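The values are calculated or read from the model by the stated rules, or taken from the named source; none is laboratory data. Please read all numbers here as calculations on a predicted model, not as lab measurements. Every residue, glycine among them, receives a Cβ derived from its backbone with ideal geometry; neighbour counts consider all protein chains shown. The accessibility values were calculated without ligands, DNA or RNA, using every heavy atom of the protein model including side chains. Shrake-Rupley method; radii C 1.70, N 1.55, O 1.52, S 1.80 Å.
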Amino acid sequence: MTAGGIIFRPLYWLAGKFFALWARPVVQPDIPLELITDPDAAICYVLEIGGLADLLALERASERHGMPSPTRPLNYGGIRESVSYVTMRRSKGLFVRRATRAVPPRLSRLVAASSHADGRELLLVPVAIYWGRSPDKERSLFKLLFSENWDIAGRTRKLFATLLHGRNTLLRYSKALPVQAIVSDGLDATVAVRKVSRILRVHFRQRRTATVGPDLSYRRGLINQVLFEPGVQAAIAAEGAGNPGATAEAQRKARAYALEIAADISYPTIRVAERFLRWLWLRIYDGIELEHMHRVHEVAKDKEVIYVPCHRSHFDYLLLGYVVHEQGFQVPHVAAGINLNMPVVGSILRRGGAFFLRRSFKGNRLYAAVFDAYLHKILTRGYSIEYFVEGGRSRTGRLLTPKAGMLAMTVNSYVKDPKRPVVFVPVYFGYEKLIEGDSFINELGGGEKKGESLLGLIRSVKSLRENFGKVYVNVAQPIELEAMLTSVDPHWRDTAGKRGERPPWLADVVDKLGDEIMRRINSAAAVTPISLLAYVLLATPKQRIGLDELRHQLQLSKDLLRRFRYSESVTVPAMTPDEIIAHGEKLEVISRSPHPMGEVIDMSEQTAVLMTYFRNNILHLLAVPASVACCFIQGRQLEHAELQRLVRLIYPFMRKELWLKWDYEDIDDVTTEAIEALVEMGMLARANNKKNLVRPPAGSAKAYQLLMLGQSMVPMLQRFYLVIAILVRNGTGTLSRTRLEVLCEQSAERLSMIYGLHSPDFFNRALFQDFIRGLRDQDVLRRNAEGKLEFDESIESIGADARLVLGEEIRHSILSLTFVEGQEEE
């Protein structure tokens with residue numbers, strides 16, 4: 001050991017002991033040793049900036065996770081280095097520190113030595129360290145001054161950052177870069193060194209953008225750039241119409257629009273908000289369950305991420321931003337409705353990343369041009385973005401039809417400048433209780449939608465005293481935009497952005513993209529204890545069931561979810577039926593009543609109405625097995641082929657309402673898979689001829705379970721039959737689409753009042769609109785020159801098949817309630 005080493009080692013050891021007292025970095029991934037794919041390879045860490053604090057942080061993290069020490073000597077390719085790390089962004093100077101972009105000499109020596117290593121691999125492991133970036137506890141603005149940004153910190157700043165943020169630091173190991181793979185291409189040593197250096201610099205730049213966010217110091221300049229975009233200038237000129245005064249006024253309006261739209265991200269605000277949100281989630285939730293976040297880690301480092309979650313609650317905005325930031329990514333820019341730009345609240349949201357848009361751009365070319373230019377700028381600058389393609393919050397628990405606006409602008413922005421790949425990341429939110437639950441039911445029942453206001457927000461604070469259970473966040477499979485474009489038009493680059501016009505295939509891409517986002521969200525559904533209770537209890541006549549029967553039905557539902565696996569991304573709770581029941585009692589969703597023959601579990605009517613929301617969250621997962629079970633409500637035996645035909649008949653409409661993932665051509669195979677699952681679980685049996693399926697004997701436990709499963713799909717089939725009955729009763733060419741929707745809604749509401757649970761979910765007009773639209777898409781319904789709906793006799797066969805599913809009583813009830821246009825009701 002040299003004299004310098006004799007002096008350095010004790011001082012380094014002492015510094016490490018002091019460092020360990022306050023610095024405890026959060027390490028990602030959880031098991032970094034898995035990144036080392038070759039146990040015989042030489043390991044060299046690569047630090048972005050370096051310094052004693054970074055080295056000590058790396059030393060401590062490596063020791064805790066069984067990784068090689070960065071200060072151990074490195075022998076490779078005939079050379080010996082005193083340490084096993086390289087620093088990419090080094091600074092020189094004793095008093096005035098200046099960054100140097102020269103390739104680190106140690107990196108040059110190691111890459112050159114790889115050609116003499118007899119095939120032994122050298123793995124370069126990038127390690128990024130961000131002081132003041134992991135889940136933090138700052139209370140003072142003083143601390144925020146020394147949190148991570150894009151500047152290289154000097155010694156003094158780094159000292160304060162280390163002291164203040166020692167326990168608020170993120171250390172992230174990345175996938176190792178194998179040097180032999182580069183050198184073996186036959187590159188000259190100098191070229192190979194430059195290539196390795198470039199790969200590492202790009203990696204750290206992308207990782208810093210994904211973690212800290214782009215440099216935000218140019219907001220004012222960004223707005224100026226937006227105003228000078230050709231599309232904005234053309235809109236200003238068109239509004240000015242050659243009049244200098246009018247042109248100046250148009251310019252003023254354009255700047256006002258840009259200021260109204262633009263986010264004003266403030267890292268101090270984000271960190272204060274993060275602290276508040278952590279308190280809030282602990283106050284109202286039992287925890288946040290996050291699944292499949294590795295998918296974001298895989299795409300965020302080199303792609304533009306667009307988060308496209310489902311929209312259940314106003315908490316969605318806050319929840320996703322919080323989760324993303326906690327995972328070490330930049331807070332996304334969130335597209336928020338202008339209705340949220342309230343006094344005080346709007347300013348906070350803007351500083352937290354919200355940019356605001358009006359509900360409609362119609363008739364305002366200038367506003368549309370400014371918004372389009374702003375979106376294009378933030379996309380091309382590397383910001384992640386979040387918006388809700390459904391437009392508004394779902395009031396029923398089902399996914400809504402996606403709106404084309406933001407998707408079209410995003411796609412159009414990319415095709416104009418397709419440099420950085422864009423990936424859409426669908427996200428599923430699963431709640432066990434909603435703050436907005438009561439207002440949703442009121443709105444579905446015909447109540448007026450309440451606008452957002454500061455006073456209303458203050459009033460909702462009262463709800464925070466309740467227990468809202470857990471909230472579930474599942475990340476679905478990402479969607480590569482370029483692959484989507486190529487699937488629609490392989491030559492899209494040849495026609496993109498010609499003369500500033502939107503390409504002819506844009507509408508097809510947006511429609512396909514919107515549908516795929518919805519289906520992938522559903523494919524990542526989180527089955528919660530509350531949604532399981534709702535699924536079972538709402539299938540009973542009076543939302544009451546014996547305790548033992550409930551246990552069996554909950555277990556059956558869980559077993560079927562695993563046997564008939566909708567998607568590998570779907571999560572199912574590991575709780576036992578008794579734990580699920582206890583959880584429902586804790587959240588006051590169910591109650592139990594003693595009885596000599598066994599306890600009875602029930603759900604009040606008001607709660608049951610609210611629970612339709614959570615049942616609808618997971619209805620799609622068992623829709624096909626439940627449809628098969630439906631066919632045995634009235635019949636005891638059916639042929640396999642007949643079951644396939646019946647499911648095939650309703651599948652186009654069922655797929656639209658529930659956003660099911662299978663194509664129409666595949667539904668016969670899916671039906672067969674569902675049948676096999678039900679046979680394996682003993683709810684169906686094969687007859688001697690092997691063609692027929694037979695339900696269990698009446699009165700048996702399995703027959704009851706099959707009936708309960710089928711009941712979950714009965715409300716949807718009742719709605720379908722109701723539409724057909726009203727059309728047939730009134731005759732072809734009699735009703736307009738709007739009048740048919742009104743009659744369906746009124747008849748369904750009356751039916752639910754008399755015969756079942758009076759739930760607005762059953763008579764929601766949007767569901768009838770989707771079914772009627774589906775009939776038109778299938779060419780079952782046609783609109784004549786007078787705007788009336790025409791159909792032929794084939795529609796009656798659909799109604800005839802309903803006899804196999806719906807009982808005589810309910811069919812008679814529907815027929816008796818249908819209204820004939822031009823006749824007075826009796």
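Determine, at each q value in 0.10, 0.17, 0.21 (inverse angstroms), the log₁₀ of I(q)/I(0) that the Debye formula gives when each Cα of the range 534-674 is one equal point scatterer.
Relative scattering, expressed as log10 I(q)/I(0), comes to -0.40, -1.04, -1.34.
Roughly how many nanometres apart are two label points built 7 Å out from the Cα toward the Cβ at His294 and Asn689?
5.0 nm
State the percentage of accessible surface on the range 615-658 attributable to carbon and sulfur atoms; use a 1.4 Å probe and exclude ligands, DNA and RNA.
Percent of accessible area from carbon and sulfur atoms in the range 615-658: 46.
Can you give me the orientation-averaged projected area of the convex hull built on the Cα atoms of the range 332-444, in nm²?
Its average projected convex-hull area is 8.8 nm².
Roll a 1.4 Å probe over the protein chains and send me the accessible area per residue for the range 306-406 in Å².
For the range 306-406, the per-residue accessible area is 30 Å².
So for each of 246-258, 527-539, 416-428 I average, over its residues, the number of other beta carbons within 10 Å; can you give me the resulting order with the highest mean first?
Peptide ranking by packing, descending: 527-539, 416-428, 246-258.
Are there trypsin sites (Lys or Arg not before Pro) in the range 588-659 that DSSP marks as loop and that have at most 13 other Cβ atoms within 10 Å, and which are they?
Arg636
If each residue of separation counts as 0.36 nm, what is the full-extension length gain between Gln634 and Asp578 once their alpha-carbon separation is subtracted?
Working it through step by step, the gained length comes to 17.0 nm.
Between Lys542 and Phe228, 0.36 nm times their residue separation minus their Cα-Cα distance comes to what?
Extending this stretch completely gives an extra 106.6 nm.
Would you please classify the overall shape of the range 572-611 from the alpha carbon gyration tensor, given that a ≥ b ≥ c denote the square roots of the eigenvalues, rounded means a/c under 1.5, and beyond that prolate means a/b larger than b/c while oblate covers the rest?
It comes out oblate by the Cα gyration axes.
Between Val488 and His595, what is the spin-label point distance in nm, taking each point 7 Å from the Cα along the Cα→C-beta axis?
5.6 nm
Label 7 Å along Cα→Cβ of Glu585; the range 508-533 residues with amide nitrogen under 16 Å?
What the label zone holds, given the 16 Å backbone N cut-off, is 530, 533.
Just the number please: accessible area per residue for the range 610-653, 1.4 Å probe, all protein chains included, in Å².
In whole numbers, the range 610-653 has 26 Å² accessible per residue.
Please work out how much length the chain gains when fully extended from Asp286 to Ala189, using 0.36 nm per residue of separation minus the C-alpha to C-alpha distance, in nm with one decimal.
Once the chain is fully extended between Asp286 and Ala189, it gains 29.2 nm.
Could you give the nm distance between label points at Ala785 and Ile199, where each point is 7 Å from its Cα heading toward the beta carbon?
Once both label points are built, they end up 7.0 nm from each other.
Check each of the GluC sites (Glu not before Pro) in the range 546-613 and keep only those in coil by DSSP with at most 13 other C-beta atoms within 10 angstrom; list them in order.
Glu568, Glu588, Glu599
Jot down the per residue volume, in cubic angstrom and as a whole number, of the convex hull over the alpha-carbon atoms of the range 654-699.
108 Å³
How compact and how long is the range 202-343, expressed as Rg and Dmax of its alpha-carbon atoms in Å?
So, for the range 202-343, Rg and Dmax equal 19.2, 62 Å respectively.
Would you mind calculating the relative contact order of the range 323-363 from Cα pairs under 8 angstrom and at least 6 residues apart, reporting the percent as a whole number?
Computed over the range 323-363, the figure is 43 percent.
When the Cα centres of the range 524-560 and the range 723-750 are compared, how far apart do they sit, in Å?
About 34 Å separates the Cα centre of the range 524-560 from the one of the range 723-750.
Is the range 643-770 rounded, prolate or oblate when judged by the Cα gyration tensor, a ≥ b ≥ c being the square roots of its eigenvalues, rounded requiring a/c under 1.5 and prolate requiring a/b larger than b/c?
prolate
If you plug each phi of the range 340-355 into the Karplus form 6.51 cos²θ - 1.76 cosθ + 1.60 with θ = phi - 60°, what whole-Hz ³J(HN,Hα) values come out, in order, with x for Gly and Pro?
8, 7, 7, x, 6, 4, x, 5, 5, 4, 4, 6, x, x, 6, 10
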